[in-house]
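One structure, pasted below without further comment.
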Amino acid sequence: MSISASYPPAFQRAINNGDQTEIEPALDQDKDIHIPVIDLERLDKQILTEACKDWGIFRLENHGVPLELTSQLQQISESLLSLPFEEKRELFASVNSPLSYFWGTPALNRSGDALKRGGTQASNVKMLEGFNVPLSKLPVSTCDDGVQHSKLEPFRVLLEEYGRHITRIAVSLFEAIAQTLNLELTGDRRSELLSESTGLIRVYRYPQSSSVEAEGEALGMEVHTDSSVISILKEDETGGLEIMKGEEWLRVKPVADTLIINLGDMMQAISDDEYKSVKHRVKKKDRTRERHSVCYFVFPQRDCVIKSSNYKPFTYSEFEAQVQADIQSLGTKVGLHRFSPKSPLFL
Ligand SMILES: O=C(O)CCC(=O)C(=O)O
Ligand SMILES: [Fe+2]
């Protein structure tokens, strides 16, 4: 089977129609940078504070996720993603499966279905596909649906184990970051601000496109900030993650057996804007290669009120509803500006 048989037909149509209009020159070599490094076994609060303040992103070493687990997860994700498109769709379409398959956009609703974009983005197909995995639903076996779904069972089991590791890391980092901010985490406050049950994994594939002449179509994920408290990214050696620092785009160099931590909008609000929700995008350097990544996002409890000096008090639920409404009407996320009385975009 050719690799393109596993890609959604919409990708080919988008390329043929020249939909991928974000043509920008590739970054120069000297924009390849190393981000700050944090060692989870010997957490240095000073380096952590500076990384959160100046960068909003850092690399994590000695994270304790077994290499074997990550490579098994990568292998099985890649083999599921390379199934023929229709087979993939059917496999993940079961009502009982906690996992869902998406393509053409990373903007999904709470059930994992693609959000319809408005504005100029309405017909713009993003060149990525993947699986959406709400961790709290993973303990439900996929096997109940019969033989077909026993194909998903090994994937589910690996995701559950990976989820346990990554949740442990998110909690430790959040507690350390909270200390650097002198945040009181008494009683249930920690699990309100960072609620393990909201954890979500996305497994992404950014397709290769050797046969295609169109320039610019290598752009994989447009500029955004994450809505999370913390996001944890495991990318392959292809690279392609770019971050905005000051006014400049920089390309993050991939480093084997490390994780990338980026702070999301909720952390920015919780920290009174001391720490930054980093602007980032994915742009493959070599478009003849596929890129794979596994990303984890964790959020506050839905009804937890986030109070801070620069934003009106809001719950995560309200924030998420606003992000989805903006994507549906404007085609893009506005984010924290909607909650900032100083912003012209304030509601
Ligand atoms: O695939 C990646 O490396 C990054 C994905 C990402 O930024 C996101 O899903 O928010
Ligand atoms: Fe992101």
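Every number here is computed from the coordinates shown, using simple stated rules; none is lab data. Everything quoted here is computed from the prediction, not taken from an experiment. Ideal geometry is used to build each Cβ from the backbone, glycine not excepted, and the neighbour counts take in all protein chains shown.
Considering the dipole of the chain built from charges on the beta carbon (Lys and Arg +1, Asp and Glu -1) around the Cα centre, which of Leu158, Cys52, Ser111 is farthest to its positive end?
Of the candidates, Ser111 comes out farthest on the positive side.
Given 0.36 nm per residue, what is the gain on full extension from Asp32 to Ser191 after removing their alpha carbon distance, in nm?
Fully extending the segment from Asp32 to Ser191 adds 53.6 nm.
Just the Kirkwood number for region 22-96, please: inverse of mean 1/r across all distinct Cα pairs, in Å, one decimal.
The answer is 16.7 Å.
Which of Arg117, Arg13, Arg190 ends up with the largest GNM mean-square fluctuation for the chain, with Cα atoms connected below 10 Å?
So, out of Arg117, Arg13, Arg190, the one fluctuating most is Arg13.
Mind checking the log10 I(q)/I(0) for region 3-303 at q = 0.11, 0.13, 0.16 Å⁻¹? Debye, one equal scatterer per Cα, no solvent, two decimals.
The calculated log intensity ratios at q = 0.11, 0.13, 0.16 Å⁻¹ are -0.67, -0.95, -1.43.
Turning to a different aspect of this structure: Can you name the helices of the chain, as whole DSSP H runs, whose Cα span along the helix axis is 18 Å or more and whose Kyte-Doolittle mean is not below -1.0?
Membrane-span-like by this rule: 67-81, 153-180, 316-330.
Continuing with the same structure: Name the most mobile residue of Arg202, Arg281, Arg289, meaning the one with the largest mean-square fluctuation, in a Gaussian network model of the chain with Cα contacts below 10 Å.
Comparing Arg202, Arg281, Arg289 in a Gaussian network model of the chain, the most mobile one is Arg289.
What does the net charge come to around Asp44 if you take all other residues with beta carbon closer than 13 Å to its beta carbon, with K and R at +1 and D and E at -1?
-2
Here is a further query. Quote the relative contact order of the chain in percent (integer), defining contacts as alpha-carbon pairs under 8 Å separated by 6+ residues.
21
Once amide H atoms are placed 1.01 Å from N in the peptide plane, what residues at a sequence separation of 5 or more from Lys245, or on another chain, have their amide H within under 5 Å of its amide H?
Counting only residues 5 or more places away or on other chains, the set is Leu250.
Next question, about the same structure. Among the listed pairs Lys116/Lys276; Lys307/Lys342; Lys88/Lys137; Lys245/Lys279, give every one whose C-alpha distance is greater than 18 Å.
Lys116/Lys276; Lys88/Lys137
State, as an integer percentage, the relative contact order of region 176-333 based on alpha-carbon contacts under 8 Å between residues 6 or more apart.
After rounding, I find 31 percent.
Another question, then. Which of rounded, prolate, oblate describes region 100-203, given a ≥ b ≥ c as roots of the alpha-carbon gyration tensor eigenvalues and a/c under 1.5 marking rounded, otherwise prolate only if a/b is larger than b/c?
oblate
Identify, among Ser227, Leu83, Asn182, the residue whose Cα sits farthest towards the positive end of the charge dipole of the chain, taking +1 on the Cβ of Lys and Arg and -1 on the Cβ of Asp and Glu, with the dipole about the Cα centre.
So the residue we want is Ser227.
Shifting gears a bit: Placing unit charges on C-beta atoms (Lys and Arg positive, Asp and Glu negative, everything else neutral), compute the dipole magnitude of region 24-124 about its Cα centre in debye, rounded to 20.
Using Cβ point charges on Lys, Arg, Asp and Glu, region 24-124 gives about 540 debye.
Count the net charge of all other residues whose Cβ sits under 9 Å from the Cβ of Leu181, scoring Lys and Arg as +1 and Asp and Glu as -1.
Residues close to Leu181 contribute a combined charge of -2.
Here is a further query. What does the charge dipole of the chain about its Cα centre add up to, to the nearest 20 debye, if the Cβ of each Lys and Arg holds +1 and the Cβ of each Asp and Glu holds -1?
In debye, rounded to 20, the chain gives about 560.
Which net charge results when you count Lys and Arg as +1 and Asp and Glu as -1 among the other residues whose beta-carbon is under 9 Å from that of Ile243?
+3
When the dipole is taken about the Cα centre of region 304-347, and only Lys, Arg (+1) and Asp, Glu (-1) are charged at their Cβ, what size is it in debye, to the nearest 20?
For this selection, approximately 180 debye.
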